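The values are calculated or read from the model by the stated rules, or taken from the named source; none is laboratory data. For clarity, every value in this text was computed on a predicted model and none was experimentally measured. Don't worry about glycine lacking a Cβ; one is built from the backbone with ideal geometry, like all the others, and counts go over all protein chains shown. In case anyone asks, the SASA skips ligands and DNA or RNA and just uses the protein heavy atoms, side chains included. Shrake-Rupley method; radii C 1.70, N 1.55, O 1.52, S 1.80 Å.
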Amino acid sequence: AAESFKARRSKNIMHLVYGKGGDSEAKDIEKSTDGKEDSDTEVEESGLFKIKKTSQANSGINQFDATKHRLPDEYRHDWHNPEIREMIRNRFVTGKWDNDED
Amino acid sequence: MASLVKLEGAQCFRQRLVLSILSGKPVKITKIRAEEDSPGLSDYEVSFLRLMDKMTNGSLIEIGYTGTSVLFRPGILSIRRKIEHDCGTSRSIGYFLEPIIALAPFAKTELNLTLIGITNDDIDPSVDTLRTVSLPLLRRFGVEDGVVLKVNARGAPPLGGGEVVFQCPVVKALAPIQWDDAGMIKRIRGTVYSTRMSPQTANRVVDKARGLLNTFIPDVYIYCDHYKGKESGKSPGYAISLVAETTTGTLYGTEVAAEKGSLPEDVGDEAAKLLFEEILQGGCVDTQNQNLALLFMVLGPEDVSKIRLGKLSPATIDFLRHIKNFFGVTFRIVPDEATDTLMMTCVGVGYTNLSKRIG
């Protein structure tokens, strides 16, 4: 059972990334490129001209091009808390290792 | 003639051009900010196109009348002379240098590029992180001696005025990698640069960062680099970049550039915390260099390459899709439950640089 779960999970990540097949989130990603215009934009008429307003600037297919990814605040940890710091203690050579590692 | 790749939007503009040049496939991008207040290509994207034109021979660039579409037919990566490029001040040098690092090893001749602009900001990777984290990654893939990134002058935003020189040798073919052990962190190094302000500021940043880092490991050395006179650019500023090095050569880099009014203590504290977040991810390369590592795996010989990564950044996910578009390579991604990391496996396309002579 554990094996099949693992296989399924890896498939899910492949779907998330490459966006093919039944995963719902993958579909969302695909849709965001073509279905966008109808849902996200509202048209306001003022005089002669129609002004199109996009609800979110800088999103979808025109995302800001930067590889530097700053982790959003809600995913961050409070590193001043010693208990939180214990999570990565063993990633250092000074940490406590398992007996089999040396 | 290689088939045309059609794409939409302004996202991942640099990735697309880099992949177009490397794969030799022309690319047409439409709907670039078609519905925004300032439609079309922005100045830094045009500047980047110019730089790509300087890097290649025989490229054809057609920008549509409204600026919302671009056709790029890549030429040959051929650099015969020293290139100089003014990056402007809307994006930092890192924006331009990042894709150049991915291209340079495959050129006809050794690259000698001078870039002028902003050296450190909080949007793009700074020249310090590129030098200390990204360039050592090249060595892993067989790009050996002669990779140099020299900072001649610092340039803080908004006015910039910095200057860096990047030299990179060419490579015949890349080496495949099998990299699944991130190792243990054995030391932490860092640089704090400051320019046009009291050198004392840098010390305050270092003190705070070191305080937090020393709770894990005593081997922490952060160098204060104060720039004076001609080398100091046009605006005052300071930034910290930290690198954690592991026993297997994995490098985790983070950086924080000071914004107007930020306290030196906060900058140091933030940098240390971000480094911990990066360490927690547990990949063999840090988040920012995922793209570069994956690209070199794809361009490697027709052999299996394997790497362990932490969480994929949004830019990396886009990049994986683009690799599939341009090279037809799909990665096998297997999550490792025990360590909460991902094992990425792919077979390279066997990219060889025909212009590099053997011997």
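Tell me the accessible surface of B:SER38 in square angstrom (1.4 angstrom probe, heavy atoms of protein chains only), to the nearest ten.
Looks like 80 Å² after rounding.
Could you pull out which residues in segment B:223-247 have an amide N less than 18 Å from a spot 7 Å beyond the Cα of B:THR114, following the Cα-Cβ vector?
B:230-234
What fraction of the Cα pairs in segment B:286-347, stated in percent, has a spacing above 17 angstrom?
That fraction is 34 percent.
For labels at B:THR330 and B:LEU4 in the simple 7 Å Cα→Cβ model, what's the distance in nm?
2.7
Scan around B:TRP179 for amide H atoms under 5 Å from its own, H built in the peptide plane at 1.01 Å from N, and keep only partners 5 or more places away or cross-chain.
HN-HN under 5 Å from B:TRP179: B:LYS306, B:ILE307, B:ARG308.
How large is log10 I(q)/I(0) at q = 0.06, 0.09 Å⁻¹ when the Debye formula is applied to the Cα atoms of the protein assembly as shown, each weighted equally and without solvent?
Scattering profile of the protein assembly as shown, log10 relative to I(0): -0.27, -0.62.
Would you mind calculating the gained length between B:GLU36 and B:LYS228 on full extension (0.36 nm times residue separation, minus the Cα-Cα distance), in nm to one decimal?
Stretched fully, the B:GLU36-B:LYS228 segment lengthens by 64.9 nm.
Summing both sides, how much accessible area is buried between A and B? Use a 1.4 Å probe and give Å² to the nearest 100.
4900
What is the Rg over Rh value, at two decimals, for segment B:203-277, using alpha-carbon atoms and the Kirkwood definition of Rh?
Radius of gyration over Kirkwood radius for segment B:203-277 works out to 1.00.
Thinking of segment B:1-113 as a set of Cα atoms, what percent of all their pairs are more than 25 Å apart?
18
How big is the dipole moment of chain B about its Cα centre under a simple scheme where the beta carbon of each Lys and Arg is +1, that of each Asp and Glu is -1, and everything else is neutral? Debye, nearest 20, please.
1280
Can you flag which of B:LYS25/B:LYS306; B:LYS108/B:LYS186; B:LYS25/B:LYS82; B:LYS25/B:LYS150; B:LYS108/B:LYS150 are past 31 Å Cα-Cα?
Checking Cα-Cα distances, B:LYS108/B:LYS186; B:LYS25/B:LYS150 exceed 31 Å.
Over chain B, what relative contact order in percent results from Cα pairs under 8 Å that are six or more residues apart?
Relative contact order comes out at 14 percent.
Suppose we flag GluC sites (Glu not before Pro) only when DSSP calls them loop and at most 15 other Cβ atoms lie within 10 Å. Which is the longest uninterrupted stretch of chain B?
B:145-258
Of the heavy-atom accessible surface of chain B (probe 1.4 angstrom), what whole percent is carbon and sulfur?
50
Specify which residue in the list B:LEU19, B:GLY350, B:ALA257 is farthest towards the positive end of the charge dipole of chain B, using unit charges on the beta carbon of Lys, Arg (+1) and Asp, Glu (-1), about the Cα centre.
Result: B:GLY350.
Using the Karplus curve 6.51 cos²θ - 1.76 cosθ + 1.60 with θ = phi - 60°, work out ³J(HN,Hα) for each residue of segment B:117-131 in order, rounded to whole Hz, and write x for Gly and Pro.
In residue order, the calculated couplings are x, 8, 8, 9, 8, 9, 9, 10, x, 7, 5, 5, 5, 4, 6 Hz.
Starting from the eigenvalues of the Cα gyration tensor, five times each then square-rooted, give me the equivalent ellipsoid semi-axes of chain B, largest first, whole Å.
Equivalent-ellipsoid dimensions as semi-axes: 32, 26, 19 Å.
Not counting ligands, DNA or RNA, and with a 1.4 Å probe, what is B:HIS226's accessible surface area in Å² rounded to the nearest 10?
Rounded to the nearest 10, the figure is 60 Å².
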